[in-house]
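Novice: Attaching a single structure in structure tokens format; questions to follow.
Each reported figure results from applying straightforward, stated rules to the coordinates on display, with no laboratory input. As the structure is a prediction and not an experimental result, all values here were calculated from the model. Cβ placement follows ideal geometry from the backbone for every residue including glycine, while neighbour counts extend to all protein chains displayed.
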Amino acid sequence: MIEAKNLSKHFKVKGKPDKVAVADVSFTARDGQVTGLLGPNGAGKTTTLRMLSTLIEPTGGAGRVDGKDIRADAMAVKAAIGVLSDARGLYTRLTARENIRYYGELRGITGATLEARIEKLAALIDMTELLDRRTDGFSQGERMKVAIARALIHEPKNVILDEPTNGLDVMTTRSLRELIRKLREEGKCVVFSSHIMQEVSALCDDIVIVSQGRVVAQGDAQHLLEISGKASLEEAFVHLSGETDHAPTSPTSPTSPASTLSPTANQGMMQ
Ligand SMILES: Nc1ncnc2c1ncn2[C@@H]1O[C@H](COP(=O)(O)OP(=O)(O)OP(=O)(O)O)[C@@H](O)[C@H]1O
Ligand SMILES: [Mg+2]
């Protein structure tokens, strides 16, 4: 289980007031559920996930993973999570298999168990044919696959994925979605971020909408439709996140609001 309680993060910016990346974020991501952090660019999703992953220290508030404090018990938290961060750096001189193996070994997994897990993960995310190529020159999606396998190699109880479908094609997105469902069935706690409502709604039991560093709504897709009073998930997201709608408006209604978007706009995406 992953809990955020009034988390905040202010970054120092030279010659300017501090940048408030996260103002106040609270949510609970339960075991056996997929929780989606949904928000527009710059909302604070990555910063929130980086704090919960112990990669950066919060300015205020608290976070817990399986009851362990992200500050006081960072080592225990690290052991309990698998993280796909937004920086997917790989060792380019190593093959995909060697990259994943290295992370497995760092986590104390060795020998036949490690090799079998690499093969299993590779089959699940359709990257078997990539395993023995050096990662130098890998495409964005290929790098992402290696980073996903690396994040899951120790079979963590909690999984944090920052925009895991970025750069993945439809087939791989489907495989990843299956993998996330499998993790849920195994009772794992999965948190992932996205700025695509349809993607989140296709997978998540609980959606946390973040805007300008704050949680502005939380619930399942049906709940978000109800509280926003909108007909489509995309409109609900635009409305709840307080974003200005940048969609072109019809010449006859120059101030046409978001609600004039097709109610089914993009609803079939990523299904
Ligand atoms: N190290 C930093 N120094 C200064 N500002 C930062 C830093 N890291 C993030 N920010 C700012 O904090 C805000 C939140 O950034 P964050 O990366 O968390 O957003 P995000 O929701 O992940 O967005 P995206 O969907 O584009 O990935 C942004 O305005 C960003 O520019
Ligand atoms: Mg981000």
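Novice: Counting trypsin sites (Lys or Arg not before Pro) as exposed when in a DSSP loop with at most 11 other beta carbons within 10 Å, what is the longest stretch of the chain free of them?
Specialist: Counting only loop sites that pass the neighbour cut-off, the longest clear stretch is 94-271.
Novice: Nearest-5 percent of antiparallel DSSP beta bridges in the chain?
Specialist: Antiparallel bridges make up about 50 percent of those DSSP assigns within the chain.
Novice: Take the Cα radius of gyration of the chain and divide it by 2.2 N^0.38 Å, with N its residue count; two decimals is plenty.
Specialist: For the chain, the normalised Cα radius of gyration comes out at 1.05.
Novice: Just the C-alpha atoms of the stretch 125-173: what Rg/Rh do they give, with Rh taken as the Kirkwood radius?
Specialist: 0.96
Novice: Let me ask you something else. For the stretch 156-216, just run the numbers: alpha carbon Rg, then divide by 2.2 N^0.38 Å, N being how many residues it has.
Specialist: Ratio of Rg to 2.2 N^0.38 Å for the stretch 156-216: 1.14.
Novice: Still on this structure, please answer the following. Placing unit charges on C-beta atoms (Lys and Arg positive, Asp and Glu negative, everything else neutral), compute the dipole magnitude of the stretch 2-242 about its Cα centre in debye, rounded to 20.
Specialist: Magnitude of the dipole: close to 780 debye.
Novice: Could I ask something else about it? Considering only DSSP states other than H, G, I, E and B, which GluC sites (Glu not before Pro) in the stretch 129-224 qualify as loop sites with at most 14 other Cβ atoms within 10 Å?
Specialist: Those satisfying the criteria are Glu186.
Novice: Points 7 angstrom from Cα along the Cβ direction at Glu115 and Asn6: gap in nanometres?
Specialist: About 5.3 nm separates the two model spin labels.
Novice: Continuing with this model, one more query. Excluding residues on the same chain fewer than 8 positions from Lys12, give the lysines whose Cα lies under 30 Å from its Cα.
Specialist: Leaving aside lysines fewer than 8 places away in the same chain, those within reach of Lys12 are Lys45, Lys68, Lys78.
Novice: Stick to Cα atoms and the Kirkwood definition of Rh, then tell me Rg/Rh for the stretch 1-75.
Specialist: We get a ratio of 0.99 for the stretch 1-75.
Novice: Across every pair of different alpha-carbon atoms, what Kirkwood hydrodynamic radius in Å does the stretch 1-41 reach?
Specialist: So the Kirkwood estimate lands at 12.2 Å.
Novice: With only alpha-carbon pairs counted, each pair once and no self-pairs, how large is the Kirkwood hydrodynamic radius of the stretch 1-143 in angstroms?
Specialist: 17.3
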